[in-house]
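First the structure, in the form of C-alpha cells, and then the observations on it.
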Amino acid sequence: MLLAEKVVLVAGVGPGLGQAVAVRAAQAGADVVLAARTESYLAEVAGKVTAAGRQALAVPTDLTDDDSSAALVRAAIDEFGRVDALVNNAFVMPPMRSLGKVDLDDLRSSFDVNVLAALRLTRLLTPALVASAGAVVMVNSAVLRHSRRPFGPYKLAKAGLLAVAQNLAGELGPKGVRVNSVAPGWIWADSLRMWFDYQAAEREVPARQIYDEIAATTDLRRLPLPDEVADAVLFLASELARGITGQCLDVNCGEFHH
C-alpha cells in the first residue's frame, strides 16, 4: 500500500478535499491525525478513517494560534510517536475585491489562515518530519495560473503559500524533508454544486448547463473530483515522489497548462 504504516497529519479537514485526503490516506494504509476547528465534523471524518481500517486521532485546533497548533503536534507525537507527512489544507476564502479597493485588514486576516498557519505548523512539525524523512504538501490553487478580476486577494494569498513551499523545500531538503504543492482547479464537491445551483437560479437555466460551460474550458471536458485531487496530494506525500521537491502539481483536468 502506498502509505502503509505511515502517519499523515491533515490540517484543515473540511467537507470536500480535506475529508478526501484523510479517507484516501487511510485507504492507502496510513493512520491519520485530523485537525480543524469543528469537533463534530472531525468525529465524522474520524469514523470514516476507522471504517477504512486505520487509526484516527481527531484534535480540535485553531491553526492560527501558536499554543493550539503546538498542542496538536504534541498530541500527534504522543499518540503515534511519529509523523511522516503533513498536508496543509486550511483555507478561508479571501475577500473577492480588486487589490485597489480591498480592505488591508481583511487581507491580513486571510493571510493568517492561508499562509501563516501552514508555515507555523510546518515549523512545529519539522523535528518529527526530519526524524521520519517525511514530506509536506501544501494545497494551493489554480488561481496561480490567471489574474482575473476579482481574484487578486485570492492569488496574493496563494502566491504567498507557494513561496513558503518553495523556500521551505530549499531549507528542509538538506535535512531529508520534501515540500511540494498541489494546485487544484474547480473541485466537483457539494460546495461547488451549491454555487452552480445558485448561478443556475440567477440565470434561470439548468444547473447542468453551468457545469457544461465550465467543463468545456478543460481538456478533459469535466471537473476534478475530490478523490482525484487527494490522490495527487498523497502521491507527493509518498515514496513514489521521493525525488520530487519544490514543485507544484496542477490538478485541473487540463483547464490550464503549466
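The values are calculated or read from the model by the stated rules, or taken from the named source; none is laboratory data. For clarity, every value in this text was computed on a predicted model and none was experimentally measured. SASA here: full protein model, heavy atoms, side chains in, ligands and nucleic acids out. Shrake-Rupley method; radii C 1.70, N 1.55, O 1.52, S 1.80 Å.
Between [x] 20.6, 87; [y] 18.0, 57; [z] 19.8, 64, which entry matches Rg and Dmax of the Cα atoms in Å as derived from the coordinates of this structure? The value computed from this structure is option [y].
Residues T245, T38, sorted by accessible area with the largest first, give T38, T245 [1.4 Å probe; ligands and nucleic acids excluded]. Heavy-atom accessible surface of T126, to the nearest 10 Å², is about 30 Å², with a 1.4 Å probe and all protein chains retained.
Starting from the Cα-Cα distance between R208 and R149, subtract it from 0.36 nm times their residue separation and give me the gain in nm to one decimal.
Working: separation 59, 0.36 × 59 = 21.24 nm, distance 2.47 nm.
Residue separation times 0.36 nm, minus the Cα-Cα distance, leaves 18.8 nm.
Using the Cα gyration tensor of the range 136-212, with a ≥ b ≥ c the square roots of its eigenvalues, what is the shape: rounded (a/c below 1.5), prolate (a/b larger than b/c) or oblate (neither)?
Numbers: a/c = 4.61, a/b = 2.53, b/c = 1.82.
Judged from the Cα gyration tensor, the range 136-212 comes out prolate (a/c at least 1.5, a/b above b/c).
Taking a straight Cα-Cα cut-off under 16 Å and skipping sequence neighbours fewer than 8 places away in the same chain, the aspartates and glutamates within cross-link reach of K158 are D106, D112, D250.
Cross-link reach is defined here as a Cα-Cα straight distance under 15 Å, omitting same-chain residues fewer than 8 places apart; for K48 the aspartates and glutamates meeting it are D31, E39, D227. Here the Karplus relation 6.51 cos²θ - 1.76 cosθ + 1.60, evaluated at θ = phi - 60°, turns the backbone of the range 139-149 into coupling constants of 8, 9, 7, 5, 4, 4, 9, 8, 10, 6, 6 Hz, with x for every Gly and Pro. Under a 5 Å amide H cut-off, with hydrogens placed 1.01 Å from N, G246 pairs with V179, N180 among residues at least 5 apart or on other chains.
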